[in-house]
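Here is the structure we will look at.
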Amino acid sequence: MKTLKSVFIGSAIMFLSISMVAQPKPWVVPANFKSMKNPIAVSDASTAAGQALYVKTCAACHGKTGLGDGPKAKSLKTAPGDFLKAESQNQTDGEHFYKTKTGRGDMPKYEGKMSDDDIWNVVNFIRSLKK
Ligand code: HEC
């Protein structure tokens, strides 16, 4: 009995530590970015421009529909997340903008590779993704 119990506790600890490693760390966005106003109004033109960029640049990891299931996703150390989930949709436009601009770990930094206007267009496209 005693060994069975320790095997159980041992696997519970192992499971806990594995799931803790796999959990993404909270990504803290500076207040000035968090409250930043999106300068590009939502329109069909902006969403279409954002979609074109998204398909070309982001879908490999984030997936065509934003579920985080792109062909590259499985080879990443961190999961790209699901843009359709409330945790993602509830973030401000400024938070998405900041994360896209600065990157972290497997998420590339797009500062210097994409203009601010293009990043906002992609933000508008990500916002339009619905279940
Ligand atoms: C090489 C794979 C890869 C590509 C390409 C990529 N991402 Fe990511 N992205 C990630 C990963 C991995 C994360 C999670 C990073 C973390 O939490 O540390 C992430 C996270 C994000 C987040 C934060 C999500 C959240 O809910 O907090 C946003 C926003 C984002 N990416 C936008 C983009 C945009 C826009 C593009 C294209 C311009 C893009 N990404 C391209 C891998 C990628």
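Taking segment 79-102 and a reference point 7 angstrom along Cα→Cβ of LYS34, the backbone N atoms nearer than 11 Å belong to 92, 95.
Normalised by the number of residues in segment 32-102, the average gap of Cα pairs under 8 Å and 6 or more apart makes the relative contact order 35 percent. Taking 0.36 nm per residue of separation and subtracting the Cα-Cα distance, full extension of the segment from LYS72 to LYS101 would add 8.4 nm.
Maximal additional length on extending the LYS113-LEU84 stretch stands at 7.9 nm, based on 0.36 nm per residue less the C-alpha distance.
At a Förster distance of 30 Å, what's the computed FRET efficiency of LYS64 paired with LYS25, Cβ-Cβ distance as r, to 0.05? Let's see the in-between values first.
Values: r = 27 Å, r/R0 = 0.89.
E(calc), rounded to 0.05, equals 0.65.
Rounded to the nearest 20, the size of the Cβ-charge dipole of segment 27-128 about its Cα centre is 320 debye, with Lys and Arg at +1 and Asp and Glu at -1.
Sort 31-39, 46-54 by packing, meaning the average of other beta carbons within 10 Å per residue, with the highest value first.
The most tightly packed comes first, giving 46-54, 31-39.
FYI, it's all coordinate maths here, none of it is from the lab. None of the values given here were measured: they were computed from a predicted structure. Cβ atoms come from the backbone with ideal geometry, glycine included; neighbour counts cover every protein chain shown.
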